[in-house]
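Undergrad: Dropping a structure here in structure tokens format, bear with me for questions.
No lab work stands behind these numbers, since they all come straight from the coordinates. Note that the coordinates shown come from a computational prediction; the quantities given were computed from them, not determined experimentally. Positions of Cβ are backbone-derived with ideal geometry, glycine not excepted, and every protein chain shown enters the neighbour counts.
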DNA sequence: TGACACTATTTCGGTGTCAAACTAATCTCA
DNA sequence: TGAGATTAGTTTGACACCGAAATAGTGTCA
């Protein structure tokens, strides 16, 4: 299951670790208070980049992206949501929701319908085709991505908790770690 | 130093934790092998989104983005790099480098110059204006972002190491944890 | 030495994302 | 009850990014 990592392409493979290099550079500059933070920020960026690239590679044959897969999944497990709820749940702005929903609707995977009592609000629900595609997509991602991360259960939990501290400080509602 | 988190805007604040909700949903579906992975992937996405938004908010007054700040920083601490080296060091594709370099060059912060012996290669170096701006930018980010993460030194190291496992499996060159 | 493979960069088309401006509907309360 | 505030969604403009194709220079080896 070797998937070609984020970007290699024509470029020569990197022979050093940019994250470690930044950390050392920060220390060398006398920025001790910030060196750890730099490492965290770049690590998070790179980790996410790797996982996103892998997800998108796996979803491409299904004509999906991770962003649209997420919208589809949200609607798959609910009976109609407002576009505002979609944006809130996925942490994206209203404009982003509009364009994702536009594309999914154009593909026939979801449909918009008006809110029965509030003329401002637009609801979206998944179509049968969308349900079928999502089920195929989630099966692929489960098999090829989510279940293959090189982290133990304890490590995964720990990683989620560390990031939860950052999220909490930023104002996210964060669930207490499960027992 | 409360910075408005990633996106709240007009939408009501979320009263549940989407990461925890996904994890529970995966378990409820009987996808135990993938539930932890889902949590890790979404956590990484959200953590990065929060930090990127904060960096970009801090850099906006300087007319910089985090992406361009990174290119500038790379050139700040070197005497000329090929565009290929820039892309490799920042894990982005050649086309992305071209457009970042275009913008930075248009702002007078860096300049391109030809490779002395290889006609295919383009080099880039920072200008005095670029050096001044980067120094201002890094001072801001150090003070307002990198040194303010809610993680202890041990937690930061641990987070970096956990993500390093993901990176290593993806083929990244990863430095051994410092002693 | 010349065809062919390889390498570095640019160009192009498509997505996802945000911020800000805009439109339309609903709510509030004086 | 009606003006002004608020809320939901859309539109627009800008950016970062990828993947694939195109361009141009370099290397290789039969």
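Undergrad: Please quote Rg/Rh for the protein assembly as shown to two decimal places, taking the Kirkwood radius as Rh and restricting both calculations to Cα atoms. List each step's numbers first, then the result.
TA: Working: Rg = 21.3 Å, Rh = 21.8 Å.
Taking Rh as the inverse mean 1/r over Cα pairs, Rg/Rh reads 0.98.
Undergrad: Shortest first, in nm, what separates the label point of residue A:136 from those of the same position in the other copies (7 Å along Cα→Cβ)?
TA: Taking the point 7 Å beyond Cα along Cα→Cβ, the inter-copy spacings are 5.3 nm.
Undergrad: Right, next: Please build a GNM for chain A, connecting alpha carbons under 10 Å apart, and tell me which residue among A:24, A:112, A:54 fluctuates the most.
TA: Top of the fluctuation ranking is A:24.
Undergrad: Next question. Find the all-direction average of the projected area of the Cα convex hull for chain B, expressing the result in square nanometres with one decimal place.
TA: Values: hull surface 57.6 nm².
Across all orientations, chain B yields a mean hull projection of 14.4 nm².
Undergrad: Fewest Cβ neighbours within 10 Å first, please rank A:122, B:40 accordingly. If you can, show how the numbers build up before the last one.
TA: Working: A:122 17, B:40 26.
Fewest-to-most Cβ neighbours within 10 Å comes out as A:122, B:40.
Undergrad: How far, in degrees from 0 to 90, does helix A:153-169 lean away from the longest principal axis of the Cα atoms of chain A, to the nearest 10?
TA: That helix lies at roughly 80 degrees to the long axis.
Undergrad: Given that compact globular proteins tend to follow 2.2 N^0.38 Å, what is the ratio of the alpha-carbon Rg of region A:13-108 to that value? Show your work: numbers first, answer last.
TA: On the way: Rg = 18.9 Å, N = 96, 2.2 N^0.38 = 12.5 Å.
Dividing the Cα Rg of region A:13-108 by 2.2 N^0.38 Å gives 1.52.
Undergrad: Given region A:91-144, what whole percent of its Cα pairs are spread farther than 17 Å? The partial results should precede the final answer.
TA: Numbers: 711 of 1431 pairs.
The answer is 50 percent, as a whole percent.
Undergrad: Once the label point is placed 7 Å from Cα along Cβ, list for residue B:32 the distances to the corresponding points in the other copies, in nm, shortest first.
TA: Residue B:32 label point versus its equivalents elsewhere: 4.8 nm.
Undergrad: Against the longest alpha carbon principal axis of chain B, how many degrees, from 0 to 90 and to the nearest 10, is the axis of helix B:128-141 turned?
TA: It is inclined by approximately 20 degrees.
Undergrad: Let me ask something else. Round to the nearest 10 and give me the degree value, 0 to 90, for the angle of helix A:94-106's Cα axis relative to the longest principal axis of chain A.
TA: Its long axis makes an angle of about 60 degrees.
Undergrad: Grab the residue from chain B whose Cβ hugs the B-to-A rotation axis most tightly, plus its distance in whole angstrom.
TA: Value returned for chain B: B:48, 2.
Undergrad: Same structure, new question: Need the full-extension length gain, residue B:121 to residue B:28, defined as separation in residues times 0.36 nm minus the C-alpha distance. One decimal, nm.
TA: On the way: separation 93, 0.36 × 93 = 33.48 nm, distance 5.45 nm.
Separation in residues times 0.36 nm, less the Cα-Cα distance, equals 28.0 nm.
Undergrad: Kindly put B:152, B:22 in sequence by how many other C-beta atoms sit within 10 Å of each C-beta, fewest to most. Display every interim value, and only then the final one.
TA: Values: B:152 11, B:22 21.
Ordered by Cβ neighbours within 10 Å, fewest first: B:152, B:22.
Undergrad: Still on this structure, I have one more. Please work out whether region A:81-176 counts as rounded, prolate or oblate from its C-alpha gyration tensor, where a ≥ b ≥ c are the square roots of the eigenvalues and a/c under 1.5 means rounded, while otherwise a/b larger than b/c means prolate and anything else oblate?
TA: Details: a/c = 3.09, a/b = 1.43, b/c = 2.16.
It is oblate, given that a/c is not under 1.5 and a/b is not larger than b/c.
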